[in-house]
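This report refers to the structure that appears directly beneath it.
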Amino acid sequence: MPKNPKIRRQLNTFNSIWQKLHYSNPQYMDYEFPKVSVIIPAYNCAQIIDLTIKSVIDQDYPNFEIIIIDGGSTDRTLEVVKGFNNEYIHIHSVSRFQRYEMLNKGITHSSGTYINCMFPGDFYVNQYTLRTMMQIALSADLPSLVFCGTLLRDGIKEPKILYRHLSLKVLRKGQQPTSLQSCWIHHDVFEKIGKFNTHYQLRGGFDLMCRYSLYGGLRTKSTSHVLTDYDLRHVTRKMVIVHFRETLYILWKYFGMKAVAKWLFIQKDFYRIFRLWGRSIKSAFLKK
């Protein structure tokens, strides 16, 4: 359990809040809930993908599917996935790992009204995550996007909560309101603004949110409840550099040089790069 009081309160009170909303005053019958497609791109992740799949299978939700897109795994990933032997799971393979190409393939094969993207190691923090988010969607007449807060966890520092309101002001700062894993996107959105841009390695979700917000006329509903856990334990120095470069390009593309200049002034990626570089130097000396 996280030591941070704010996070602990969020996680400790969720069950009682959900039960009060649902069991004391059930608003919708099971047949009314829209189908959800959960897409999981996988590559050599046998040790962690079972956690993600199990968190979806255990959901108290009547209508969902899990679409696994495997990028040519050479370990036991597919064996682990097939070991679930679950009718909700559909497996598709591609020749290489490129997360946004794989997510796009998952969208193509999906049959759900809403699309949720999870990555191996991430998980829903509660068995009521899907039901809660889809109750919100139903109460808002099925908006284009519903999202919640996410728990950022790197295994070193105390976990943090990521949740902001979606606005162009937030996006111009190079920030997302939440993680992609905490977004449920209506299938029609991809027909209007396109799927993920496969030019990116890490910031395709940020690019999608920028296009979504600039398109106009799309309705969004959110909750600050923390319902997903985002695994950041495998962030490397190379990933930080790619994140920096892609953020800069996206800001320039959609908001111009003024936004880029402001972002360069306030962002922290330079510090993160030097910190990771320093850590690698220290590790090299300690190993001698």
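With the checklist (1) of a type in the set (V, I, T); (2) buried (at least 20 other Cβ atoms within 10 Å of the Cβ); (3) free of Cβ contacts under 8 Å to residues at least 24 places away in the same chain in hand, flag the one item T108 doesn't pass.
With respect to (1) of a type in the set (V, I, T); (2) buried (at least 20 other Cβ atoms within 10 Å of the Cβ); (3) free of Cβ contacts under 8 Å to residues at least 24 places away in the same chain, T108 is out only on (2).
Under 7 Å between Cβ atoms, which residue pairs at least 6 apart in sequence (or on different chains) link something in segment 162-180 that is in the same structural domain as S222 (by TED's automatic domain parsing) with a partner that is among the polar types (S, T, N, Q) and in a loop (DSSP other than H, G, I, E, B)?
As it stands, the answer is L162/T178; L162/S179; Y163/T178; R164/Q175; G174/Q267, since those pairs meet every condition given.
Being free of Cβ contacts under 8 Å to residues at least 24 places away in the same chain and either closer than 23 Å to Y230 by Cβ or touching a strand residue (DSSP E or B) at 6+ places or on another chain (Cβ under 7 Å) (or both): is that true of Q127 here? Before you say what the answer is, go through the steps one by one.
Details: free of Cβ contacts under 8 Å to residues at least 24 places away in the same chain: no; either closer than 23 Å to Y230 by Cβ or touching a strand residue (DSSP E or B) at 6+ places or on another chain (Cβ under 7 Å) (or both): yes.
Criteria not met by Q127.
Wholly within segment 137-199, which strands (runs of 3 or more DSSP E) include no fewer than the required count, namely at least 3 residues that are modelled with pLDDT of 95 or more and either under 23 Å from V56 (Cβ atoms) or not small (G, A, S) (or both)?
Once the strands (runs of 3 or more DSSP E) in segment 137-199 are filtered for at least 3 residues that are modelled with pLDDT of 95 or more and either under 23 Å from V56 (Cβ atoms) or not small (G, A, S) (or both), what remains is 145-153, 183-186.
In the set R211, R233, which member is outside any helix (DSSP H, G or I) and either free of Cβ contacts under 8 Å to residues at least 60 places away in the same chain or of a type outside the set (F, W, Y) (or both)? Full working, then the answer.
On the way: R211 fails: outside any helix (DSSP H, G or I).
After ruling out the rest, the residue left standing is R233.
The values are calculated or read from the model by the stated rules, or taken from the named source; none is laboratory data. Note that the coordinates shown come from a computational prediction; the quantities given were computed from them, not determined experimentally. In this analysis, Cβ positions are derived from the backbone assuming ideal geometry, glycine residues included, and neighbour counts consider all displayed protein chains.
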